[in-house]
Amino acid sequence: MPRLRRKRTALPELAKDPKAIINPSDPSEYKGNWKKIFGNEQPIHLELGCGKGTFISQLAQKDKHINFIAVDKYPEVLVSTLRKINELQLTNVRILMLDIENIADVLGPEEIDKIYLNFSNPWPKKKHHKRRLTYPSFLQKYKSFLKPGAEIWFKTDDDHLFADSLVYFKDNGFQEIYQTDNLHQDDSVDNIMTEYEMKYSKQGIKIKFAIFQYIPDTDK
């Protein structure tokens with residue numbers, strides 16, 4: 001990910017909007033309470049690493065019967081997401097400024113029905129693999145708040161991350177229900193493109209995509 005240009009106005013703009021939650025000092029205020037926060041009983045979907053919000057805003061506009069949490073740690077990208085959802089007058093999105101490492105601190109058991117992982121940092125060096133959002137330690141965090149049968153939708157342009165992630169999911173209680181190494185040639189998937197996806201596609205890079213379902217181990 002290219003280095004972000006810091007914007008002094010980004011954080012104050014987020015802080016003024018009740019749809020934005022900034023580094024909660026008391027995570028327990030949110031954990032297990034997201035349906036109350038949204039004010040309804042609709043399913044909740046989570047995008048980890050939302051970027052500038054093109055994907056989540058289009059998805060939320062299309063699926064207004066779903067609530068969405070858009071997570072990133074950079075105010076500069078989150079403010080772009082916030083502006084997009086406000087332009088579309090969407091009430092079914094909340095912006096969460098948080099290091100994804102701490103995501104399990106703010107989500108309670110079985111609160112989330114689906115996770116989107118779009119073009120996460122591939123962290124190619126082996127010593128950095130543990131930072132990947134598909135790495136086993138992260139998958140274990142997700143299990144703490146996913147409903148049984150919940151899905152993770154994973155997109156990447158990186159061949160090595162994709163191949164390694166297929167193994168991570170398989171070894172950590174997730175069942176693969178779909179995969180392709182060329183998403184844009186498959187008309188069966190109702191795909192919404194991210195900013196990175198548009199960029200990579202123009203360069204002729206194939207987009208890898210897979211869907212995994214969380215199957216709890218009932219023997220434990």
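Of the residues making up segment 73-82, none is among the basic types (K, R), crowded, with 17+ Cβ neighbours inside 10 Å and in contact (Cβ under 8 Å) with a residue 24 or more places away in the chain.
So that you can scan it fast, the table gives a plain yes or no per residue for (1) more than 26 Å from E110 (Cα to Cα); (2) of a type in the set (A, V, I, L, M, F, W, C); (3) in contact with a helix residue (DSSP H, G or I) (Cβ under 6 Å, 6 or more places away or on another chain); (4) surrounded by 14 or more Cβ atoms within 10 Å (Cβ to Cβ):
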{"position": "K170", "(1), (2), (3), (4)": "no, no, no, no"}
{"position": "G173", "(1), (2), (3), (4)": "no, no, no, yes"}
{"position": "T180", "(1), (2), (3), (4)": "yes, no, no, yes"}
{"position": "H184", "(1), (2), (3), (4)": "yes, no, no, yes"}
{"position": "K206", "(1), (2), (3), (4)": "yes, no, no, yes"}
{"position": "Q213", "(1), (2), (3), (4)": "no, no, no, yes"}
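One residue alone among N102, N121 is surrounded by fewer than 21 Cβ atoms within 10 Å (Cβ to Cβ), modelled with pLDDT of 95 or more and part of a loop (DSSP other than H, G, I, E, B), and that residue is N121. Within segment 36-46, none of the residues are surrounded by 14 or more Cβ atoms within 10 Å (Cβ to Cβ), polar (S, T, N, Q), modelled with pLDDT of 95 or more and assigned to a helix (DSSP H, G or I). Please enumerate the residues belonging to segment 71-99 that are modelled with pLDDT of 95 or more, part of a helix (DSSP H, G or I) and β-branched (V, I, T). Listed by number, the residues that qualify are V79, T81, I85. Quick one: would you say Y142 is more than 29 Å from E29 (Cβ to Cβ), hydroxyl-bearing (S, T, Y) and at pLDDT 95 or above? Criteria not met by Y142.
Of all residues in segment 33-49, those that are more than 15 Å from K19 (Cβ to Cβ) have Cβ atoms under 7 Å from Cβ atoms of residues that are in a helix (DSSP H, G or I) and modelled with pLDDT of 95 or more, 6 or more apart or on another chain, in E41/K35; L48/I100; L48/I103; G49/I100. Quick one: which residue in E176, E195 is within 23 Å of G51 (Cα to Cα) and of a type in the set (D, E)? Of E176, E195, the one residue that is within 23 Å of G51 (Cα to Cα) and of a type in the set (D, E) is E195. Take the residues in segment 124-137 that are without any contact (Cβ under 8 Å) to a residue 12 or more places away in the chain and not in a loop (DSSP other than H, G, I, E, B), then tell me which one is surrounded by the most Cβ atoms within 10 Å (Cβ to Cβ). Once the filter is applied, the top-ranked residue is R131.
Taking the condition at pLDDT below 95, touching a strand residue (DSSP E or B) at 6+ places or on another chain (Cβ under 9 Å) and either within 25 Å of K202 (Cβ to Cβ) or not aliphatic (A, V, I, L, M) (or both), does D186 pass? For D186, the condition - at pLDDT below 95, touching a strand residue (DSSP E or B) at 6+ places or on another chain (Cβ under 9 Å) and either within 25 Å of K202 (Cβ to Cβ) or not aliphatic (A, V, I, L, M) (or both) - is met.
Condition check: in contact with a strand residue (DSSP E or B) (Cβ under 7 Å, 6 or more places away or on another chain), of a type in the set (D, E), closer than 16 Å to H45 by Cα and crowded, with 22+ Cβ neighbours inside 10 Å. Does E151 satisfy that?
Working: in contact with a strand residue (DSSP E or B) (Cβ under 7 Å, 6 or more places away or on another chain): yes; of a type in the set (D, E): yes; closer than 16 Å to H45 by Cα: yes; crowded, with 22+ Cβ neighbours inside 10 Å: no.
Taking the combined requirement at face value, the residue does not satisfy it.
All conditions in (1) touching a Leu at 6+ places or on another chain (Cβ under 7 Å); (2) farther than 21 Å from K141 by Cβ; (3) at pLDDT 95 or above hold for D157, with the sole exception of (1).
The values are calculated or read from the model by the stated rules, or taken from the named source; none is laboratory data. Every value quoted in this text rests on a predicted model; they were computed, and no experiment measured them. Positions of Cβ are generated from backbone atoms using ideal geometry, with glycine treated the same way; all protein chains shown enter the neighbour counts.
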